[in-house]
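The values are calculated or read from the model by the stated rules, or taken from the named source; none is laboratory data. Note that the structure is a prediction, hence the values are computed from the model and not measured. All Cβ positions, glycine included, derive from the backbone under ideal geometry; neighbour counts span all protein chains shown. Surface accessibility is based on the protein's heavy atoms, side chains included, excluding ligands, DNA and RNA. Shrake-Rupley method; radii C 1.70, N 1.55, O 1.52, S 1.80 Å.
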Amino acid sequence: MNNIIHRFDSLFHSIRLRLALWFVFILGLVLVSFSGLVYLSRVHELQAESVTRLAARLEEIEKFLGEGDIPSFSSVPDSGQSFLRPEDILAIYGSDQVQQRLWGPLSSLPQLNFPMQITNSESRHVIRYASVISENQKIDYAFLITPLLSGENLKGYIVIGTLFDPTEQRQSLLLTLIMFVSILLTVALAGGFWLADRAMRPVKVITRTAQQISETDLSRRFNLQKKDEIGQLADTFDAMLTRLESAFSRQKQFTADASHELRTPLTIVNLEAGRALSAPRTPKEYQRVLQVIQTENDLMSHLVNDLLTLARMDAGHESLQKEILDISDLALEVIERLEPLAARQNIVLETDDLPEVLILGDRKALNQMLTNLVENAIKYTTQNEAERDHRVTISTGCDLSLKFAWVRVTDTGPGISAEHITHLFDRFYRVDKSRTRTGADTESESAPSGNGLGLAIVNSIALLHDGKIKVTSEIGQGTTFEISFPVPGLA
Ligand code: ADP
């Protein structure tokens, strides 16, 4: 029962029914107006026919009664109606509009509106239409009222009546029209509903498929393969689902990578602590274990900090406090801070041209972006054994159109091959997967540490500043990271 009510309710609220009803309503309006016009034009024709008939009757009567302004009616017998057709009426009225004589099938005539002003012969005849009740039936008559004049004087009126619609054409026409309109509207309602149902069928498919799509299974697609509006809608949904699916899988991958990155140092801490506690150790041994724990702790806090930074960047522009600042100033700050680190690695950290270049940005975020780039440059440059003279150079400037400001970090490091460049900015992506940890395991003591988030952070910060990143690299020669930002007020 509930099911039936639900079905009726959804049918009642369905677009199909509304479309079909609108269609029928508009078609109904058109048909009713058209039928009205047909009916009215037939009535008009009947009027014209009745006028012609009345004029002919008048001529016959005038012939029968003889010529003259005042025909002699006294000679007409009361019952003898041979000069009249059976359905016709003839009546004589005095100048006071009181009926004097009446011939024909009716016992009395309805109230007629007589012409008052009879000035010339053209206004002699007047046509009146009136209904007469005879034997409980309403019959429409057309009357021709002709004033009887004796010179200028009105002597009375001669009234001739005839059936307005002798063959009852109006009724049969009305019946035909009503039947025609109702049959057409019924067919239109059924056809309209069928058409609307057909047009709406893909929507049902979309609804059903959408109900089946859960947030864990985003692999389903509508695949409607239609070029109409609904097909376009389905294609848009399919494209959106593809984007959602890849966003979800990135998210999943990210969570798995983050847990994996945290699990390794936690396991090491656990193992080292367990080993140290399992038996009494020498102070030197305890010191080594504590050092390992501290290193792993550093790695973890670095990772957590990077994850937090990424989460903040993912929150979008709200997390930034933008102001007009000189990117060269920022570059100098970063160089000053990282100079000791570079010196420790025997790397010359230098600047090229640093003109005043103003951009709109968040100081802290841009500082972090440059720090990540320069730290990477320092970290990986030492890996280039072919090159003895290691340098990292920072330069800033504007393009020729002065629409974009750029900052470049160039190193003389090992370079990055083209296949890796496309993935450099993916989260947790490292060119050499084995080079992830320093200090924790003795074999990779000299390898640079990294969690693969540094460039992902650089990318997020650049994007939030509408910046574009360009990487040019040559194996064995070095790498240049260039980030360009729109100059405020111009771009
Ligand atoms: P990581 O924490 O591993 O440094 P990043 O996201 O900063 O992660 O860098 C991703 C990868 O890009 C690194 O693993 C490294 O191999 C490569 N890379 C980044 N900067 C440079 C550079 N200046 N020279 C050579 N390789 C680089």
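In this rough spin-label picture, where each label sits 7 Å from Cα along the Cβ direction, the Arg275-Gln287 distance is 1.8 nm. For the range 144-159 and the range 240-307, write down the distance between their C-alpha centroids in whole Å. Measuring centre to centre over Cα atoms gives 123 Å.
Segment Arg344..Arg243, full-extension length gain: 31.8 nm, with 0.36 nm per residue of separation and the alpha-carbon distance subtracted.
Would you mind calculating the gained length between Asp326 and Asp432 on full extension (0.36 nm times residue separation, minus the Cα-Cα distance), in nm to one decimal? Provide the component values of the computation, followed by the final result.
Working: separation 106, 0.36 × 106 = 38.16 nm, distance 3.53 nm.
Contour length minus Cα-Cα distance gives 34.6 nm.
Please express the shape of the range 85-165 as an equivalent ellipsoid: the semi-axes are the square roots of 5 times the eigenvalues of the C-alpha gyration tensor, given largest first in whole angstrom.
Over the Cα atoms of the range 85-165, the semi-axes work out to 24, 12, 10 Å.
Measuring r between the beta carbons of Ala210 and Gln47 and using R0 = 56 Å, the FRET efficiency lands at 0.30.
In what sequence, highest mean first, do 276-287, 29-40, 370-381 appear when ranked by Cβ atoms within 10 angstrom?
On the way: 276-287: 10.2, 29-40: 12.7, 370-381: 22.7.
With the highest mean Cβ count within 10 Å placed first, the list reads 370-381, 29-40, 276-287.
Compute the label zone of Thr176 within the range 27-55: residues whose backbone N is under 15 Å from the point 7 Å along Cα-to-Cβ. Counting backbone N atoms under 15 Å from the label point, the list is 35-46.
With the whole protein complex present, Glu168 retains an accessible surface near 100 Å², based on a 1.4 Å probe.
Projecting label points 7 angstrom from Cα along Cα→Cβ for Thr167 and Lys226 puts them 5.2 nm apart.
Between the range 1-23 and the range 26-51, what is the separation of their alpha carbon centroids in Å? When both Cα centres are located, 36 Å separates them. The Cα center of the range 327-358 and the Cα center of the range 378-431 differ in position by 14 Å. In terms of Cα atoms, the Rg and Dmax of the chain work out to 51.6, 160 Å.
In this simple spin-label model, placing a label point 7 Å from the Cα along the Cα-to-Cβ direction at both Asp389 and His420 gives a separation of 2.5 nm.
Rounded to the nearest 0.05, what FRET efficiency is calculated for Leu184 and Lys403 with R0 set to 51 Å and r the Cβ-Cβ distance?
On the way: r = 66 Å, r/R0 = 1.30.
Here the calculated transfer efficiency is 0.15.
Listed highest first by mean packing, meaning other Cβ atoms within 10 Å per residue, what order do 86-94, 199-207 come in? Let's see the in-between values first.
Details: 86-94: 17.4, 199-207: 14.1.
Put in order of decreasing packing, that is 86-94, 199-207.
Straightening the chain between Ser107 and Ser33 buys 22.7 nm, computed as 0.36 nm per residue apart minus the Cα-Cα spacing. Taken about its Cα centre, the range 320-491 carries a charge dipole of roughly 500 debye when the Cβ of each Lys and Arg holds +1 and the Cβ of each Asp and Glu holds -1.
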